[in-house]
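Data first, discussion second: the structure below is written as C-alpha cells.
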Amino acid sequence: MNSSPRTSAAPAQPLLDDRPEDGVFRVHRSAFLDPRVFEMEQTRIFEGGWVFVGLASQLSKPHDFVTTTIGRQPILLMADEHGHMGAFFNSCRHRGMLLQPAPHGNRRVHVCRYHSWAYDSAGLNQHISEREQGRYLPGFQAEDHGLVPLPRFARYRDFLFASINPDVPELEDYLGEASHFLDLMSAQAPQGLEFLPGKVTYTFRGNWKLQIENALDMYHFSHVHVSYVELLKKRPLLPEMGGPPPTGAAEGEQGSFSFGNGHAVMWRSRSRASETLLAQRRERFAPHMSDAQLKWSGYGRNLTIFPNMQMVDNVTSMMLRVIHPLAPDLTEMRTYCLAPLGESPEEREARLRDYEDFFNPSGFATPDDNVVYEHSQDGLGAIGAGWTQGYARGMDRSDLPARNPYQDELGLNEAAWTVGPRSLGDETCFHDAYRTWARLLAG
C-alpha cells in the first residue's frame, strides 16, 4: 500500500486531455497512481463536496445512530429523542478520541471511553467528568462542549447526504436531473428503502476511479462475467426471478445519461427478470407510479451519484455501494442489499438469493471485477506506454437520432445521452465524471 503524503502540490503533467472538437478524450495514467492526485481528491472531492452517508431508514427510531466516514474524517449520524436527524464529527471534544466506534445501534447517551465525557443523541454535551475539580478557567466554562455538527446535512427521498464544506450548492441543485432516478428507486418502495441486515466490506488493490468506470461499463460484461452467465444458463427459469441475460434479438437497447456533476446512469431495456416477475411488479407499482416510472422500473439500471454512491437495480435485486478510497492503489467498498420496506417474505427471499449470486466477494461477479481492477492498476503503471484508449466508444454520434425518445418520456432536458444495441458498450458516460473530477481538482 502506498502512503499518501499530505501535500497539495499539483502533478506536473496534465491529467485530462479533453478536446471534443477533435474527437479526443483521454485520462493520464498518473491519475490512478500519483499520491499527490490522491491527496487532492480527498481534500477537494470527498471532503470538499456532497457525499452519500446513509439511508433515512437507518435512523428510523429515536436515538438510532450510524457511523461512517467522509474522506478521512469520521462521522456520526444520529436521530434525537424527537426523531430529528443530525450529522456530527465523530470525535470527543476533550482530546479528539473517536466517540462512537460501533457501526450502528441505538443509544441515548454516548460516553467517551477515555475520560467519560458524555453526549446525548442531539450531540449536546451532558457531562464532563470531575468538572468541579478540574480548575477550568471561565473561558472554558463559557464554551460550547457539544459535538461539532457537519456544515451541511440534507435528505433527498430515502437518501442522506452530507458535506464538510459549507459552501456546496443546495443538494437538489447538485443532484440535478439524476434525481429522476433516485425518485424511481423510492417509487418502488412506497414505505421506504432499507438495507437488509448485515453489510459486506472489502478492499481491492486499485484506484477508486476504476470502480466509477466499471459500474457504467456494459462493454466488459460478456467478457469478464462469462462464468456467471454460463451458470445462469444451466439453471431452470424461476418465475419469481428470471434466467440468463437476454441475447441476440431479445437483448433490447442499451443507453446512458450523464447529468453533470459527475452523475450518470447506464440502462438496458431488457433485464433478465421473468415476465411473471415483471407483471407482479407492474400490478404492485401501478397505483403510485407514473407511466414512465412504471416502464423504467422494469429496465436494468446502474446509477452513479458522484463521487461515492452507486446503485444497481437488476430488477431481480437491488444493490447499493459506497466507495471509500484509502490510497492511490487501495479502495474500500461497502456494499448493501437494498430492498423496499414491507415486501413479502417470498419476494425478500428471492431478492436475497439473486443478490448473493452476483454481488460481494462471495458472489460470481464481484471477484471477477476486483481481479480486473488489480490487474488494471498494475498495467497502468506502464507510464511509458502513454495515454490509454479507453474512453472512445460511443463518441461517433453521426447515426444517433436528433432527439432521444427515452429522454422525452423521462422529462429530461439537460442530460447528455447515447443509445444503441447492448454491444455498444458506451464509454462516453465516463466523461462527465472525469470533467467534474478535473474541475474539482483545479479548485
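Only helices enter the 222 nm calculation for the chain: every DSSP H run of n ≥ 4 contributes -39,500 (n - 2.57), and dividing by all residues gives -6500 deg cm²/dmol, rounded to 500. Report note on the peptides 17-25, 113-121, 67-75, 274-282: ranked by the mean count of other C-beta atoms within 10 Å, highest first, their order is 67-75, 113-121, 274-282, 17-25. Here Val27, Val322, Val111 are placed in order of increasing Cβ neighbour count within 10 Å, fewest first, which gives Val111, Val322, Val27.
Can you tally the net charge around Gly386? Count Lys and Arg as +1, Asp and Glu as -1, for every other residue whose Cβ sits under 12 Å from the Cβ of Gly386.
Values: positive: Arg26, Arg29; negative: Asp17.
My count for the surroundings of Gly386 gives +1.
With the simple spin-label model, which puts each label point 7 Å out from Cα in the Cβ direction, the Val371 to Val224 separation comes to 1.2 nm.
For the pair Glu21 and Arg353 in one chain, pulling the backbone fully straight at 0.36 nm per residue adds 114.8 nm over the alpha carbon distance.
Bridgeable lysines around Lys61 (alpha carbons under 21 Å apart, same-chain partners fewer than 8 residues away excluded): Lys199. For Pro149, what charge total do you get from the other residues with a beta carbon under 14 Å from its beta carbon, if Lys and Arg give +1 and Asp and Glu give -1? Cβ neighbours under 14 Å give a net charge of -1.
If you take the Cα centroid of segment 379-402 and the Cα centroid of segment 132-192, the two points sit 38 Å apart.
Hey, for a label at Ser362 modelled as a point 7 Å past Cα toward Cβ, could you say which residues of segment 193-230 have their backbone N under 17 Å away? Output list for this probe position: 196-203. Among the cysteines of the chain, those with no neighbouring cysteine Cβ under 4.7 Å are Cys337, Cys429.
Under 20 Å Cα-Cα from Lys233, which aspartates and glutamates qualify once same-chain neighbours fewer than 8 residues away are excluded? Reachable aspartates and glutamates: Glu251, Glu275, Asp354, Glu356, Asp357, Asp368.
Extension gain for Ser186 to Asn165 (0.36 nm times residue separation, less C-alpha to C-alpha distance): 4.8 nm.
Would you kindly calculate the translational diffusion coefficient of the chain, applying Stokes-Einstein with the Kirkwood radius from alpha carbon pairs, for 25 °C and a viscosity of 0.890 mPa s, and quote it in µm² s⁻¹ without decimals?
The estimated diffusion coefficient comes to 105 µm²/s.
Sequence-ordered 3J(HN,Hα) estimates for segment 49-61 from the Karplus curve with 6.51, -1.76 and 1.60 and θ = phi - 60° stand at x, 5, 9, 6, 10, x, 9, 4, 5, 6, 10, 7, 10 Hz, glycine and proline given as x. Note: relative contact order over the chain, using C-alpha pairs below 8 Å and six or more positions apart, is 19 percent.
Distant-in-sequence amide contacts of His263, defined by a placed amide H-H separation under 5 Å and a gap of 5 or more residues or a different chain, comprise Phe306.
Bear in mind these aren't lab numbers, they're just calculated from the coordinates by the rules spelled out. All values derive from a computational prediction rather than experimental measurement. When we count neighbours, we look across all protein chains shown, and the Cβ atoms used for this are built from the backbone with ideal geometry, even at glycine.
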